[in-house]
1. Where does the charge balance sit around residue 16 when Lys and Arg score +1, Asp and Glu -1, over other residues with C-beta under 12 Å from its C-beta?
2. Per-residue accessible area for residue 158 at 1.4 Å probe radius, Å² rounded to 10?
3. Starting from the amide H of residue 158, placed 1.01 Å from N in the peptide plane, find each other amide H under 5 Å away whose residue is 5 or more places distant or on another chain.
4. Along Cα→Cβ, 7 Å out, is where each label goes; now give me the distance between the ones at residue 180 and residue 27 in nm to one decimal.
5. Below 14 angstrom from the Cβ of residue 80, what's the summed charge of the other residues (Lys, Arg +1; Asp, Glu -1)?
Amino acid sequence: MSALVHRQTSVQSLSVASLVARAGEGDGRAWEELVARFGGMIAATGRRYRLVPADIAELQQTTWLRLVANLHKIEQPERVGGWLATTARRESLQLLRRASKYHGGADQMLANMPDAHLPEPDARPIADERDAVLRAAWGRLKPRCQELLTLLVTDDPMGYKDLSQFLNMPVGSIGPTRARCLEHLRRLMAEEDMTAI
């Protein structure tokens, strides 16, 4: 029993570079220690990108598989944590791109709309009418604007750098594009409101 505890302790005391070297030789305990040290960081990266739990699990699996496939190519094994972080960010963006193909931005936007619990008896019909106008205007908005605005209205929006990579657009054009999209949405809502009268 003490030999097992000693081996576990010795693995835990190894440097990251030594763990990478041992993992490359097939040492399972070294892999376990790498996962123990960096697994939480990979999951946190997925949460930062607002991935659902199933996608976070896939992110972890894919990130570790990428390390297995590239372990022999890593020139600075002591910096494997940075390599894992970069890989996790890239894989998170890939998962988001794949999810955006299957889920329309309008669905997410509408799902994030607050449910108004107002005490006045006529408040609910007014809120319903406003939501109907928003839905109709949103449906007429260009898909590119829908995608950008959807990514910006969440509780924890992506930074402009990540948005730039995800949307394949220059960082400097995100703000002006957002302003144009919001203005277009306002005009569409005004048009929809007029036709509803």
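The values are calculated or read from the model by the stated rules, or taken from the named source; none is laboratory data. Quantities reported herein were computed from a predicted structural model and do not represent experimental measurements. Neighbour counts are summed over all protein chains in view; Cβ atoms, including those assigned to glycine, are modelled from backbone coordinates with ideal geometry. Surface areas here come from the heavy atoms of the whole protein model, side chains and all, with no ligands, DNA or RNA. Shrake-Rupley method; radii C 1.70, N 1.55, O 1.52, S 1.80 Å.
1. Within the 12 Å Cβ shell, the charges total +1.
2. Ignoring ligands and nucleic acids, residue 158 comes out at about 20 Å².
3. none
4. For residue 180 paired with residue 27, the spin-label model returns 5.6 nm.
5. Details: positive: 22, 37, 66, 73, 79; negative: 33, 75, 78.
So the surrounding residues net to +2.
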